[in-house]
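The values are calculated or read from the model by the stated rules, or taken from the named source; none is laboratory data. Quantities reported herein were computed from a predicted structural model and do not represent experimental measurements. When we count neighbours, we look across all protein chains shown, and the Cβ atoms used for this are built from the backbone with ideal geometry, even at glycine. Only protein heavy atoms, including side chains, enter the accessible area calculation; ligands, DNA and RNA are left aside. Shrake-Rupley method; radii C 1.70, N 1.55, O 1.52, S 1.80 Å.
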Amino acid sequence: GAALLERMLVLVLVAVGGVAADAQLPLYHIVPTPHNWLNDPNGLFYDPVHDMYHVMYQYLTPRVWGHSASRDLINWIQLPIALNVDEWYDQGGVWTGSATLLEDADQTPVLAYSVSTNDMQAIAYPKNRSDPFLTEWVKYSGNPVIKAPSPSGRDDTTAWRSFDGTFWIMGYGTSSGDSNGAVITFVSTDFQHWTQLHELHSSSTTGMWECPDFFPIFSNDYNHPQTNGQVTHLLKASTMGAEYWVTGTYNPVNVLFTPYDSAKDMGTSDQRYDYGSYYASKRFWDPRSNRHILFGWVLEERPVDDQGGPFGWASTLSIPRYIELSDDGVRIKTPPAKQLEGLRILESHQSAQGVTVNSGTVSSLWVANSTQGELIVSINFGEVSGNADCGIRVRLSSTGIEYTDVGISVTVGDAPLRDQRISGVVGRQFEVTNASAIVVCSSACQANAWCRAWSMDTTLNQCVLLLNVSRTENRSGFVSGHRSASNDNEAARVVTAYVDTTHSSANVSWPGHVTTAPVPTTNVTGGLTVQVRLYLDASVLETFVNDGITVLTRRVYPILDSNGIALYSRGAQTCVFSQVDYW
């Protein structure tokens, strides 16, 4: 029907650029069309006048703004470049920014963006408000609207109204020194003349805050003790190579944000939108679904240059995700947007119930008929008495050479991981001297509240404590572990999600690695069921655990006939998969 034709239109446009022959090119993700480079999502908004979603993004080098539009968040039409390099102040590139709907009669969208000098901000308006696709944009003649502020910064947020509605407030990301990130706010009555205000919030334990976001996030229950009836606000920043969030309260009179827990400020390892190849996210409010909609930049994991070479294209945007409060009113979850169910082909639905896989074995299920699909798997760990490791094997070749494992490991009593090395972000790990035994290393982590994991080289007796976790890899002679939360209700059992791409491609130049992420759970001593939801689209793999409380995005690059799906048990226990559905 029309949806398929729109998807085919995107493919035709890509084919014109000469990259459609690349089997790694996604089908239902936004890709750089017709070719070249893509990174940060920019200028996201829903246009209520024309009932249209707009997503723009960093495109080409030097950067301009690419532009796509959709009526349903799944079928995208590629439009001409929205913002080009054509003024004296943006010759080095049109960098990241956001969109805001003004409160005039036309509900005019305005784009606010940074330019490459890193100390100026500019705005643009649609040339023809009656155009349903808002194809052309006009830069404001008085640009740049912010010049040489101190400290310098970039990546404008979507603006919000002051408490009395008399002025707009907008922020951008900045830093002062190597370990201090912040959002600086500016105010304006007309969106064209801006005055610097002050820091909305800052942290001394991170680098620069790129691509910040700030917004209220609503819950069905405001009786949580942390909120005391106040509307929870979320502050997000791209920093230290990851997407971190922190929840708290907003003082609209003083324009200040305060985290609920000062010990869990920006950069806390278990407060991330996504633990994989995902960065520079942006969101917008969607009145149709009554949700914040989130898009992020899905990075390449194979070598490319900033022109998309040698494959003719590089990177995609993620699928749209909701941003919601979890049941505790503090943590964030980002499940796939419900609109994505429109991608399902009901005739291709396959399902299985009560599949049991014995310890150390693999059980094949199906061979998919394409490299696109959605998979939902419920794993019943029951009353786990020992360590368990259960998962889904996707993109499995007929020879078994290529495959990607997506799994859940449950560790009881936080048993050490033998021949496994856990590593963190450079600069956020600390060596312990005189660590003569494994118990000394693990105890040192337990004694420090900021420690999230530890890793010890038993050959050299070197112990490292990690503030956050970036990956886990097989490494002979290493013993590692996660800190047991002995003072809370997660002490009895540690649940970890992982994506293992070490066998994803027979091409040795794409070696892959293991990425891990914590799965918060309060049900630690009784029966445990974990739901894993996967979206596969050629080289993109997005994994959502327990309705998006933990998310892992990875890239995979099979070169064989790798469309098989299987279930496996790596641990000492039998795995029970209570429900498996594939579309």
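Observations on the structure shown:
- Nonlocal amide H pairs with Ala453, under 5 Å, H built at 1.01 Å: Leu466, Arg483
- Across the range 314-324, coupling constants 3J(HN,Hα) worked out from phi with the 6.51/-1.76/1.60 Karplus curve, θ = phi - 60°, read 7, 6, 9, 8, 6, 5, x, 10, 7, 10, 9 Hz, and Gly and Pro carry x.
- Ile77, Ile401, ranked by accessible area, largest first (probe 1.4 Å): Ile401, Ile77
- Dipole moment magnitude, nearest 20 debye, the chain about Cα centre, only Lys, Arg, Asp, Glu C-beta charged: 720
- Highest-first arrangement of 160-169, 341-350, where packing means the average Cβ count within 10 Å: 160-169, 341-350
- Selection from Thr117, Gly564, Ala148 lying farthest towards where the dipole of the chain points positive, charges on Cβ: Gly564
- Here the chain has 52 percent of its accessible surface on carbon and sulfur atoms, given a 1.4 Å probe and all protein chains in place.
- Taking the Cα centre of the range 284-371 as origin and assigning +1 to Lys and Arg Cβ atoms and -1 to Asp and Glu Cβ atoms, the resulting dipole is close to 280 debye.
- Take the Cβ atoms of Lys264 and Thr459, set R0 to 35 Å, and the FRET efficiency comes out at 0.50.
- Helix axis angle, 2-16 relative to the chain longest principal axis, alpha carbon, degrees: 90
- Model label sites at Gln353 and Gln446, defined 7 Å from Cα along the beta-carbon direction, differ in position by 4.4 nm.
- What you get for the range 119-216, charging only the Cβ of Lys and Arg (+1) and of Asp and Glu (-1), is a dipole of about 280 debye around the Cα centre.
- The chain - mean residue ellipticity at 222 nm from DSSP helices (-39,500 (n - 2.57) per run, n ≥ 4, rounded to 500): -1500 deg cm²/dmol
- Distant-in-sequence amide H partners of Arg63 (H built 1.01 Å from N, under 5 Å): Val94
- Listed values for the range 160-172 are Karplus-derived 3J(HN,Hα) couplings in whole Hz (6.51 cos²θ - 1.76 cosθ + 1.60, θ = phi - 60°), namely 9, 7, 5, 4, 9, x, 8, 8, 8, 10, 9, x, 9, and x replaces Gly and Pro.
- Label-to-label distance, nm, for residues given as Ser363 and Ala148 (7 Å Cα→Cβ offset): 7.0
- Heavy-atom accessible area for Lys147, with the other protein chains in place and a 1.4 Å probe, reaches approximately 130 Å².
- Ser175 accessible area, assembled protein chains, probe 1.4 Å, Å²: 40
- Relative to the longest principal axis of the Cα atoms of the chain, the long axis of helix 438-447 lies at roughly 40 degrees.
- Placing a pseudo-label 7 Å from each Cα along the Cα-to-Cβ vector at Tyr89 and Thr574 gives an inter-label distance of 6.9 nm.
- Accessible area expressed per residue, the chain, with surrounding protein chains retained (probe 1.4 Å, Å²): 38
- Listed values for the range 361-375 are Karplus-derived 3J(HN,Hα) couplings in whole Hz (6.51 cos²θ - 1.76 cosθ + 1.60, θ = phi - 60°), namely 10, 10, 10, 6, 10, 9, 10, 5, 9, 7, 8, 10, x, 10, 10, and x replaces Gly and Pro.
- Accessible area (Å², 1.4 Å probe, nearest 10) - Cys441: 0
- Nonlocal amide H pairs with Ser315, under 5 Å, H built at 1.01 Å: Glu300
- Cross-link table Lys127/Lys147; Lys127/Lys333; Lys139/Lys282, entries beyond 28 Å C-alpha to C-alpha: Lys127/Lys333
- For the range 351-483, the Stokes-Einstein estimate of translational diffusion at 25 °C and a viscosity of 0.890 mPa s comes to 142 µm²/s, using the Kirkwood hydrodynamic radius over alpha-carbon pairs.
- Overall form of the range 140-196 per C-alpha gyration tensor (a/c, 1.5; a/b vs b/c): oblate
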